[in-house]
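Input: a single structure, listed below in structure tokens.
The values are calculated or read from the model by the stated rules, or taken from the named source; none is laboratory data. Please read all numbers here as calculations on a predicted model, not as lab measurements. Positions of Cβ are generated from backbone atoms using ideal geometry, with glycine treated the same way; all protein chains shown enter the neighbour counts.
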Amino acid sequence: MWLTFQLSEKGESVLDEEPKVIEDVIRKYLKKTEVFLPLYYSDKKSFDHKIYLYKGYVFIVYDADKKQLYTKLANTQYFSNFLTVGKSLHLLPDSEIKSYKRKLKKMMEPTIRVGEEVKVIDGKYKNCTATVNEIYEEERKLILQKLKMHEYSGS
């Protein structure tokens with residue numbers, strides 16, 4: 001089972017800048033506990049290149065003997081709390097986390113073909129659509145043409 005922690009505003013900001021800091025804080029309190037940050041980032045590239053599955057959340061393998069450590073972690077400046085349902089902890093089964101990991105992997109390695117229309121999900125052109133013109137597999141880059149802004153009507 002997995003416990004869901006919600007990041008504080010500061011935690012989200014740090015995660016945007018340097019995700020490794022959040023992992024290090026968790027490891028300080030929970031040394032040998034498995035952690036799943038629902039995002040992809042590369043240590044080799046700028047942290048500006050991240051793919052989020054669920055922004056603002058961290059999943060940690062639950063161990064009933066570590067409740068006090070979870071509370072200490074939740075009281076740091078980086079976390080607002082762990083999720084509960086009523087007065088009970090909101091625990092997710094392993095199968096749910098495996099599903100999240102598969103979704104994230106699919107987002108990291110999308111099946112895109114030349115000529116397809118895509119929606120940009122991050123960066124300067126977020127929420128724009130474009131047509132794929134070329135794909136450079138070795139660099140995992142797409143050359144887009146006809147970038148169009150999506151206009152959202154307020155309701």
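Residue count for segment 94-114 under the criterion of being touching a Pro at 6+ places or on another chain (Cβ under 9 Å) and of a type in the set (Gly, Ala, Ser): the result is 0. Here ARG113 clears all of (1) exposed (fewer than 11 other Cβ atoms within 10 Å of the Cβ); (2) part of a helix (DSSP H, G or I); (3) at pLDDT below 85 except the condition numbered (2). Within segment 5-27, residues that are farther than 20 Å from THR71 by Cα reach partners that are surrounded by 15 or more Cβ atoms within 10 Å (Cβ to Cβ) and modelled with pLDDT under 90 with beta carbons closer than 6 Å, at six or more positions or on different chains, in the pairs PRO19/TYR41.
Residue by residue, here is whether (1) within 22 Å of ASP16 (Cβ to Cβ); (2) of a type in the set (S, T, N, Q); (3) over 12 Å from the mean Cα position of the chain (by Cα) holds:
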| position | (1), (2), (3) |
| --- | --- |
| PRO38 | yes, no, no |
| ILE60 | yes, no, yes |
| TYR70 | no, no, yes |
| GLN77 | yes, yes, yes |
| PHE82 | yes, no, yes |
| GLU96 | no, no, yes |
| GLY115 | no, no, yes |
| LYS124 | yes, no, yes |
| ASN133 | no, yes, yes |
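Of all residues in segment 84-134, how many are of a type in the set (Phe, Trp, Tyr) and closer than 16 Å to VAL61 by Cα?
1
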